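Mind having a look at this structure? Questions to follow.
The values are calculated or read from the model by the stated rules, or taken from the named source; none is laboratory data. Everything numeric in this text was worked out from a predicted model, so none of it was measured. In this analysis, Cβ positions are derived from the backbone assuming ideal geometry, glycine residues included, and neighbour counts consider all displayed protein chains. Side chains included, ligands, DNA and RNA excluded: accessible areas come from the protein's heavy atoms. Shrake-Rupley method; radii C 1.70, N 1.55, O 1.52, S 1.80 Å.
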Amino acid sequence: MTERTLLVVLFDDVQSLDVTGPIEVFEGARRACGDRSAYRIRTASPDGAPVRTSSGLTLVPDGSLADVPAPHTLLVPGGEGTRRPDPRLIDWLRDRAPRAERLVSVCTGALLLAEAGLLDGHRATTHWLVCDHLAGTYPEVDVEPDPIFVRDGRISTSAGVTAGIDLALALVEEDLGRDIALTVARHLVVFLRRPGNQSQFSAQLAAQTASREPLRAVQHWVTQRPEADLSVESLAGRAGLSPRHFTRAFQAETGTTPGRYVERVRLEHARRLLEDTADGVTKISRACGYGTSEAMRRAFVKALGVAPAEYRRRFRGTAQPARPAH
C-alpha cells in the first residue's frame, strides 16, 4: 500500500477541532485498513514549541516545520491565529507547500494559503463568515461561499470546523475506498458523505429572522408547510400586506427574497425525507411542494449538483434503514 504522510500545521490560537477532527478521520482510516503506513501523521509548529489553541488547550507538536520533509498531504487548519498570522508560517507555506502532493485547508486556514499566494487562480471556500473577506482581500482567488468543501486539482478547501471532517472523509474515500471511509464515518457517527457542494447553512441560518411579527410568523409557517401554496400572493395575504409591500419588507428584514427562502426550505425538507424515510421521490416531491419529481430533480441538480436518487444513495451509506414517514 502506498505510504501517505500527513503533516498538520500548528500555530498559536489554532481552532482545536480543525486539527483533531481530520486527524481522527485519517487515524481511524489507518486502523480500519490495518496498515500503519496508510497514513503517517505528524504535527509541526514554526519553531517546534507547543501551541495554545483558541479554546485554551495546549498542543505539543512532533517537531518544527523547518525539520519536516515534504508530505504527501499538507493540512492547514484555521482559527483566530489566522487573523494575524506568524510571518514564519507564511514564508514556510510559500516555500514548502508547493512540494506537497495534496494541499488541504480547514475553515479559515484558507486565509493562510491565500496569504502565501497558493490559492491564486483556484476555486476555494472557507467559513461563511469570512468568505467576503477572503474574496475582497485576495481577488485572484475564486471564492465559492456556499459549499462545505471545494476541490480544485491538488488543492482542497473546506468550510467551518466540522466541514473539515467531511473533506477528510472524501480524501480517505479517494485514497482507500468507500468501505474504509464508511467504517470511519460510522465510528465517528457522521454521514458518508455530505456532497461537497451542500450548503454551509440552513434556510433559517442563511436568512435573518424578521423583526416584525407578521413576517416572522410567515417564516415559521413556511418551514411547517413546505407542501402548501407558498406563492408571494399567498404569503403576503398571511402577513396582511400587498404582494409588493410584502416582498420589499421580507427582503429588507431577512436579507433574501421570499422565493429564495421557500426554495431553501423545500430543499431542506426534501433532503431530510430522502435521508430518513423510504418514501419514493414522487411522494417526496409532492410533500415538499415541488409537484413533480422532475421539478424536484431540477432543484437538487441546481443547488447540490446531484439528483435526488444520488443524494439518497450517498446518505444511505451511514444511515439506518430508511423508515416510512408517518
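For the chain, what does -39500 (n - 2.57) per DSSP helix run (n ≥ 4), summed and divided by total residues, give at 222 nm, in deg cm²/dmol to the nearest 500?
On the way: 14 runs with 150 residues, N = 326.
After summing the helix terms and dividing by residue count, I get -14000 deg cm²/dmol.
Full-extension gain between R186 and A228, please, as 0.36 nm times their residue separation minus the C-alpha to C-alpha distance.
Value of the extension gain: 11.5 nm.
Please compute the per residue accessible area over the chain with all protein chains in place, 1.4 Å probe, rounded to a whole number of Å². Show your work: numbers first, answer last.
Working: 15100 Å² over 326 residues.
Here the per-residue accessible area is 46 Å².
Sticking with this one: Principal axes first, then extents: for the Cα atoms of region 1-120, list largest minus smallest coordinate on each axis, whole Å, largest first.
For region 1-120, the Cα extents along the three principal axes come out at 40, 31, 24 Å.
Which residues in region 1-31 place their backbone N less than 12 Å from a point set 7 Å from the Cα of R42 along the Cα-to-Cβ direction?
Under cut-off, by backbone N: 5-9.
How far, in degrees from 0 to 90, does helix 213-224 lean away from the longest principal axis of the Cα atoms of the chain, to the nearest 10?
For helix 213-224, the angle is close to 80 degrees.
Right, something else. Net charge near A287: determine it from the other residues with C-beta under 12 Å of the C-beta of A287, scoring Lys and Arg +1 and Asp and Glu -1. Mind showing how you got there, number by number?
Working: positive: R225, R266, R272, K283, R286; negative: E227, D279.
Once positives and negatives cancel, what remains is +3.
OK, next. Taking the chain as the reference, fit the longest principal axis to its C-alpha atoms, fit the long axis of helix 293-304 to the helix C-alpha atoms, and give the angle between the two in degrees, 0 to 90, nearest 10.
With rounding to tens, the tilt is 40 degrees.
Let me ask another. Average the reciprocal distances over every distinct pair of alpha-carbons in the chain, invert the result, and give the Kirkwood radius in Å. Let's see the in-between values first.
On the way: mean 1/r = 0.0467 Å⁻¹.
Taking every pair of different Cα atoms in the chain, averaging 1/r and inverting gives 21.4 Å.
Here is a follow-up. Taking Cα atoms, how many degrees apart are the long axis of helix 178-188 and the longest axis of the chain, rounded to 10 and kept between 0 and 90?
Rounded to the nearest ten degrees, it is 80.
When Rg is the radius of gyration of the Cα atoms in region 122-189 and Rh is its Kirkwood radius, what does Rg/Rh come to?
Numbers: Rg = 13.6 Å, Rh = 12.8 Å.
Rounded to two decimals, Rg over Rh is 1.06.
If you project the alpha carbons of region 14-85 onto their three principal axes, what span does each projection cover, largest first, in Å?
39, 25, 18
Right, something else. Keeping every protein chain in place, order S242, S158, S37 by accessible area at 1.4 Å, biggest value first, i.e. largest first. Let's see the in-between values first.
Working: S242 60, S158 0, S37 20 Å².
Largest accessible area first, the residues go S242, S37, S158.
How large, in percent, is the carbon and sulfur part of the accessible surface of the chain at a probe radius of 1.4 Å? Show your work: numbers first, answer last.
Values: 7460 of 15100 Å².
Here it works out to 49 percent.
Using a Förster radius of 22 Å, what is the FRET efficiency between T162 and R52 based on their Cβ-Cβ separation? Nearest 0.05, please. Show your work: numbers first, answer last.
On the way: r = 22 Å, r/R0 = 1.00.
The value I calculate is 0.50.
Ok, one more. Mind giving me the nanometre distance, one decimal, between the label points for D35 and R154, set 7 Å out from Cα along Cα→Cβ?
2.2 nm
Tell me, how many Å apart are the Cα centres for region 52-77 and for region 100-155?
Answer, in whole Å: 20.
Highest first, please rank the peptides 54-66, 88-100, 145-157 by the mean number of other Cβ atoms sitting within 10 Å of their residues. Each step should come with its number before you reach the end.
Working: 54-66: 14.0, 88-100: 16.6, 145-157: 20.2.
The packing order, highest mean first, is 145-157, 88-100, 54-66.
Between D132 and E174, what is the label-point separation in nm under the 7 Å Cα-to-beta-carbon projection?
Result for the modelled spin labels: 3.1 nm.
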